[in-house]
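Peer 1: Have a look at this one.
The values are calculated or read from the model by the stated rules, or taken from the named source; none is laboratory data. Since this is a predicted model, take the numbers as computed values, not measurements. Here the Cβ is made from the backbone with ideal geometry for all residues, glycine too, and neighbour counts use every protein chain on show.
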Amino acid sequence: MLIAPATPDDLKTLIGFRDEAARWLKGRGIDQWSAPWPTQDLMEEGMLRSILAGETFIVWDDDTPAATLTVDHWANPDLWTPVEAAEPALYTHKVTVARAYAGRGLGRELLDWAGTRAANEGARWLRLDAWTTNRTLQQYYLDQGFSHVRTVVLAHNPSGALFQRPAARVPMPHLQEAPAGREHSTLNRMREGVESRPELPREGNDGSMERSMKVPIEADQARPKLISRHVA
Ligand SMILES: CC(C)(COP(=O)(O)OP(=O)(O)OC[C@H]1O[C@@H](n2cnc3c(N)ncnc32)[C@H](O)[C@@H]1OP(=O)(O)O)[C@@H](O)C(=O)NCCC(=O)NCCS
């Protein structure tokens, strides 16, 4: 399977990942991701912002999107202390495996990919915030070698269970990086196109926004031809 940066053309795929996970969770009586936050439009803008920043990745099994995650360096000040924020860390968001691919360890491998990326850039930690009330999910992260830092209970942010593990390079049996450069020309053009624009809202694991400002980005502007993700 290849892991490649998402492009704006993948936005619907990313929304699909979330919708499918939310339906699956709802079926298990779990309220995580039960509603877009703060609105569908703003949530999608946050996703687009992460795509354009080159922070969102998709795992492809040939033509089929199998999993996704977003990584960035933003220590949400609602969650992480200034001392923690000063430590070099990579933050993962929205790690999601399509249900058809669940139970094969793909989530673990994605976390290993992020941990390897963190180690390669010299970060000390791989960090994430998980749904505050979802103990089963939190146990999953403990099982993946994360330590529970603390849980921050906030009315406006339902994703306050904080976890971290040391950044470390880990071999990945199934995931291969798509060769660099195939997507970059497109993404670079897109980045240049938005550099002069105000920043789009930043999205947390709960879909919460750093800013509530809505920035109009026309769908056509955010829709260059996708450079092939299918790298032999
Ligand atoms: C978390 C996730 C990426 C792990 O993928 P994976 O490595 O393929 O592992 P699985 O899907 O088999 O899940 C492992 C176990 O955790 C449980 N689990 C996973 N996500 C869960 C969640 N959000 N809430 C409750 N339980 C969850 C699964 O039911 C499974 O339990 P089981 O072993 O008793 O069957 C994937 O399960 C997923 O996409 N979950 C929904 C989205 C999500 O919550 N992402 C995390 C955001 S912080």
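Peer 1: What's the number of the condition residue 128 fails, among (1) away from the ligand (no atom under 14 Å from the Cβ); (2) closer than 22 Å to residue 43 by Cβ?
Peer 2: Condition not satisfied by residue 128: (1).
Peer 1: Could you tell me whether any residue of the range 95-116 is under 17 Å from residue 77 (Cβ atoms) and either in contact with a helix residue (DSSP H, G or I) (Cβ under 7 Å, 6 or more places away or on another chain) or crowded, with 18+ Cβ neighbours inside 10 Å (or both)?
Peer 2: no
Peer 1: Then there's this: How many of the residues making up the range 23-39 are within 16 Å of residue 137 (Cα to Cα) and either within 15 Å of the chain's Cα centre (by Cα) or not in a helix (DSSP H, G or I) (or both)?
Peer 2: Total meeting the criteria: 7.
Peer 1: Sticking with this structure for a sec: Please work out which residue is surrounded by the fewest Cβ atoms within 10 Å (Cβ to Cβ), limiting yourself to the range 43-57 and to residues that are closer than 16 Å to residue 16 by Cα and not hydroxyl-bearing (Ser, Thr, Tyr).
Peer 2: Across the range 43-57, the extreme among qualifying residues is 44.
Peer 1: To continue, here is another question. Out of curiosity, is residue 6 in contact with a helix residue (DSSP H, G or I) (Cβ under 8 Å, 6 or more places away or on another chain), modelled with pLDDT of 95 or more and within 15 Å of the ligand (Cβ to nearest atom)?
Peer 2: Judged against the criteria, residue 6 is not a match.
Peer 1: Quick one: residue 42 ticks every box in (1) more than 18 Å from residue 7 (Cβ to Cβ); (2) part of a loop (DSSP other than H, G, I, E, B); (3) away from the ligand (no atom under 16 Å from the Cβ) except a single one, so which number is it?
Peer 2: (2)
Peer 1: Could you check residue 145 against (1) assigned to a helix (DSSP H, G or I); (2) more than 10 Å from the ligand (Cβ to nearest atom); (3) surrounded by fewer than 21 Cβ atoms within 10 Å (Cβ to Cβ); (4) not hydrophobic (A, V, I, L, M, F, W, C) and say which number it fails?
Peer 2: (1)
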